[in-house]
Amino acid sequence: MPRVCRVRASGVHPFAERWNHNTHYFPLLASRIPVSTTRLLDVGCGEGTFCRFVADEHRTVVGVDHDPSVLPASTTSVRYVLGSAETLPFADGSFDAVTMTMVLHHVDPGRALAEAARVLAPGGILLTLGYGRFGGWRDLAHEVRDVVTHRVLSRRMRAWEAPTAKADPSATWEEVRAMAEATLPSSTYRRLPMWRYLVEWHQPSGEDS
Ligand SMILES: C[S@@+](CC[C@H](N)C(=O)[O-])C[C@H]1O[C@@H](n2cnc3c(N)ncnc32)[C@H](O)[C@@H]1O
């Protein structure tokens with residue numbers, strides 16, 4: 001059963017005690033991962049919070065990060081691997097789902113997306129949560145929504161800062177959208193409240209024409 005169902009059942013955000021603008025969206029990301037997914041890769045996994053959240057007895061979860069100082073030791077439910085998003089140490093088509101949270105602005109985004117697509121099996125799903133730079137008046141309405149949403153939601157949550165590398169994005173929201181569309185033409189781009197976007201892409205299955 002997707003974890004998002006448990007969230008709705010209890011009414012409490014599962015990261016209410018460890019909340020930030022990334023963990024806020026972990027239930028949404030998890031809800032987009034098909035229940036049938038048995039092999040999941042989280043690129044730029046950091047200290048592995050998302051890997052642990054989506055791990056269960058039916059799936060193999062692998063987290064990859066290039067920073068050995070943040071990678072936890074592997075467990076029976078998650079294998080952590082040292083490696084680069086631009087040259088993933090996995091064979092073509094190894095995973096049914098690939099996720100990336102707040103990683104694209106740290107890496108060469110075109111290469112990282114192409115690598116993620118390479119390791120996805122036919123029919124697999126790629127989910128990328130990230131953020132962009134303020135690009136001027138076009139982003140103003142979103143900026144207002146982001147500030148208001150943060151003020152309202154953060155009151156009920158305990159803020160948590162992950163011990164991972166931070167960086168400011170060099171690309172604007174619009175530049176990220178255009179880059180994702182150019183690299184993965186059938187992808188969808190959604191701007192989410194609180195300074196995040198979600199790019200979703202499906203590897204064509206052998207049956208797609
Ligand atoms: C902002 S943190 C996000 C961590 C985690 N995904 C999360 O949501 O909590 C960015 C992560 O990307 C990793 N990273 C940066 N460049 C990378 C690269 N070229 N290959 C793999 N990981 C990279 C960093 O080490 C860091 O853990």
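The values are calculated or read from the model by the stated rules, or taken from the named source; none is laboratory data. Quick caveat: nothing in here was measured; it's all calculated off a predicted structure. Ideal geometry is used to build each Cβ from the backbone, glycine not excepted, and the neighbour counts take in all protein chains shown. Side chains included, ligands, DNA and RNA excluded: accessible areas come from the protein's heavy atoms. Shrake-Rupley method; radii C 1.70, N 1.55, O 1.52, S 1.80 Å.
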Estimated distance in nm for a label pair at residue 149 and residue 205, the labels positioned 7 Å out from Cα along Cα-to-Cβ: 3.1
Portion, in percent, of the accessible area of the chain that falls on carbon or sulfur, probe 1.4 Å: 55
Residue by residue, what Karplus-based ³J(HN,Hα) values in Hz, rounded to whole numbers, does region 70-77 have, using 6.51, -1.76 and 1.60 with θ = phi - 60° and x for Gly and Pro? 9, 5, x, 6, 5, 10, 5, 9
At 1.4 Å probe size, put 197, 131 in order of accessible surface, largest to smallest. 131, 197
Residue-normalised value, i.e. accessible area per residue, for region 3-202 at 1.4 Å probe, in Å², stands at 49
In nm, to one decimal, how far is the residue 57 label point from the residue 18 one, both placed 7 Å along Cα→Cβ? 2.2
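Taking a ≥ b ≥ c as the square roots of the Cα gyration tensor eigenvalues, with a/c under 1.5 meaning rounded and otherwise prolate when a/b beats b/c, else oblate, which class fits region 44-197?
Working: a/c = 1.89, a/b = 1.31, b/c = 1.44.
Oblate, since a/c reaches 1.5 and b/c is not below a/b.
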What dipole magnitude, in Debye to the nearest 20, does the chain give about its Cα centre under +1 on Lys/Arg Cβ and -1 on Asp/Glu Cβ? 920
Consider a paramagnetic label point 7 Å from the Cα of residue 160 along Cα→Cβ; state which residues of region 22-48 have an amide N under 16 Å from it. 22-30, 45-48
Using alpha-carbon positions, what is the distance between the centroids of region 72-151 and region 174-209, in Å? 11
Mind running the shape call on region 145-194? Use the C-alpha gyration tensor, a ≥ b ≥ c as the square roots of the eigenvalues: rounded below 1.5 for a/c, prolate if a/b tops b/c, oblate otherwise. prolate
Listed by chain and number, the residues whose amide H is under 5 Å from that of residue 98, excluding neighbours fewer than 5 places away on the same chain and using placed H, are 41, 125, 126, 127
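Return the percentage of antiparallel bridges among DSSP beta bridges fully within the chain, rounded to the nearest 5 %. Before the final figure, lay out the partial values.
On the way: 12 of 34 bridges.
Within the chain, antiparallel bridges account for around 35 percent of the total.
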Would you work out if region 55-126 is rounded, prolate or oblate? Take a ≥ b ≥ c from the square roots of the eigenvalues of the alpha-carbon gyration tensor; rounded if a/c is under 1.5, else prolate when a/b is larger than b/c, oblate otherwise. oblate
